[in-house]
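> One structure coming up, written as structure tokens, with questions to follow.
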Amino acid sequence: LVLAGDHDNALRVIAAALARVDPHPRLAEIKAAEALVAFYQGEGTRARALLENALLAAATRDDPQVLDAVRSDLALVLHKTGELHAAERVYAESLAAARAQRHLPRILARLLNLATLRQEQGRFDEALAGYQEAQELARAIDGRRELVHISINWANLLAHLGAYEAAANPIEDTLGTARELGMGTEQAYLHVLGADVALGLDDLAAAEQGLAAARSLFAGSLDTAGLAEIECVSAALAIRRNDPARARRHAEAAASAAEHAGRDRIAAQALLWRALADFDEPPHALDAALAAAGKAALLAERHGDPDLAWLAHAAASRLHARAGHSEEVRFHADKARGFVHEARRRVSARYERTYSTAWFRRELYAAISGSPEQSPLRDLDRLLAINR
């Protein structure tokens, strides 16, 4: 009932179970189910409290599987509510327990959880190592579905790092598996990622094909976040094709869908594309672009995302320069430079060159460097990454 979204009936069943006997022998599972209902209803604090109680109840039973199931739910809630350090601790405890029990499927699940979390924290090398270990284990135990999920996350990170050729490999390797296993949603996300990677490789026709395939798979879907992703990459494609009107439409649709889905990260990226779409507009027609860049910067800063924050402030600086707002130019350029150093600490030397060659980065870098002719490659200390 919980997973089906029938929360009212789920709560009625939970209440009836608790009323039948006190204390209930399956109190841990019941409280965990109640916590997930609270979580899906947007009550993250209450969900965490219920799961901590469930964890205490599970600890009194000689059942490692129940204990780990509750621990996994707690880590999920912590992760999704932004308490990443606490989530990492719980995931690590679960991984240690799974290793001690030699429970390979749980080891695989926790490796993927931890790699995803570390990617969100900007610990990219650790995330890549985690995906590598997870992939090796998934292949060893023939975890084909798990391989699809690993490939989606891995390719997403490689694309974020600007390593587009490397990102294309897991996508190509996994699309057939997702299709064969009937994993329609995952197949759609792989097509979206493939389109994003194709943009990085300057293959605009392939990007268009990938987006068309994703739209077909998402037809009639209630996955608002997935639809937002499609619109977001469509906006980027329109920018590459020098079609600002279409870029605006797609970016605005992406931002609206992302906000409806509660996905601020996608919304911020869409707002950045909305700002970039107006880079060549006359000075008197920049109000919407300036508002989009400002909102993107606020969202990025709120979520501790220095990569998007730097890009948004750099875009705002350039737009204000076109509008003749000298004070705002300096403010946003200074903010962008401040985020440069924070973003740079997340980048290993291996990916510095791929960062600098991303199609949108050089122009934004020039907007805050004051030296349009200067290539970022000449000063590796100032290279940046974008969180794609």
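> What order do you get for Phe339, Phe39, Phe331 when you list them from fewest to most C-beta neighbours inside 10 Å?
Sorted ascending by nearby Cβ count, the order is Phe331, Phe39, Phe339.
> Using Cβ contacts closer than 10 Å as the measure, can you line up Thr116, Thr357 from fewest to most?
Thr357, Thr116
> While we're on this one: Please list, or write none, the lysines whose alpha carbon is within less than 18 Å of the alpha carbon of Lys295, excluding same-chain residues fewer than 8 places away.
Lys335
> Using only the alpha-carbon atoms of segment 237-284, report the extent along each of the three principal axes, biggest first, to the nearest angstrom.
33, 22, 13
> Mean residue ellipticity at 222 nm from the helices of the chain, using -39,500 (n - 2.57) per DSSP H segment of n ≥ 4 over the full residue count, to the nearest 500 deg cm²/dmol?
The helix-only estimate for the chain comes to -25000 deg cm²/dmol at 222 nm.
> Now, a different point. Counting only other residues whose beta carbon sits under 9 Å from that of Ala235, what net charge do I get with K and R as +1, D and E as -1?
+2
> While we're on this one: Report Rg/Rh for segment 1-122, rounded to two decimals, where Rg is the Cα radius of gyration and Rh the Kirkwood radius.
When Rh is taken as the Kirkwood radius, the ratio is 0.99.
> Sticking with this structure for a sec: Using a simple spin-label model with points 7 Å from Cα along the Cα→Cβ vector, what separation in nm is obtained for Arg46 and Leu181?
According to this spin-label approximation, the distance is 3.5 nm.
> Taking only Cα atoms, what is the 0 to 90° angle, nearest 10, from helix 264-277's long axis to the longest principal axis of the chain?
10
> Hey, any idea what Rg/Rh is for segment 99-237, computing Rh the Kirkwood way over Cα pairs?
Rg/Rh: 0.98.
> With angles folded into 0 to 90 degrees, how steeply does helix 287-302 sit against the dominant principal axis of the chain? Use alpha carbons for both and round to 10.
40
> With +1 on each Lys and Arg Cβ and -1 on each Asp and Glu Cβ, how big is the dipole of the chain about its Cα centre, in debye rounded to the nearest 20?
The dipole magnitude comes to about 360 debye.
> Please report Arg265, Arg361, Arg20 as a ranked list, fewest other C-beta atoms within 10 angstrom at the top and most at the bottom.
Arg20, Arg265, Arg361
> Sticking with this one: At a Förster radius of 22 Å, what calculated FRET efficiency corresponds to the Cβ-Cβ distance of Ala100 and Asp142, to the nearest 0.05?
The computed FRET efficiency comes out at 0.40.
> Set Lys and Arg Cβ to +1 and Asp and Glu Cβ to -1, take the dipole of the chain about its Cα centre, and tell me which of Val77, Ala312, Cys232 lies farthest positive.
The Cα lying farthest towards the positive end belongs to Val77.
> Based on the alpha carbons, how large is the Rg to Rh ratio for the chain when Rh follows Kirkwood?
Rg/Rh for the chain comes to 1.01.
> Another question, if that's okay. Using the Cα centre as the reference, give the magnitude of the dipole from point charges on the C-beta atoms of segment 176-231 (Lys, Arg: +1; Asp, Glu: -1; all else neutral), rounded to the nearest 20 debye.
With only Lys, Arg, Asp and Glu charged at Cβ, the dipole is about 180 debye.
> Treating only the Cβ of Lys, Arg, Asp and Glu as charged (+1, +1, -1, -1), what charge dipole size does segment 155-267 show about its Cα centre? Round to the nearest 20 debye.
The calculation lands at about 360 debye.
> Which of the peptides 124-134, 202-212 is most tightly packed, and how do the rest follow, going by the mean number of other Cβ atoms within 10 Å of each residue?
124-134, 202-212
> Rounded to the nearest 10 degrees, what's the angle between the helix 164-180 long axis and the longest principal axis of the chain, both from Cα atoms, 0 to 90?
40
Read-outs throughout are calculated quantities, based only on the coordinates presented, and are distinct from any laboratory measurement. Predicted model, so just to flag it, every value in this text is computed and none were measured. Cβ sites come from the backbone with ideal geometry, for glycine too, and all protein chains shown count toward neighbours.
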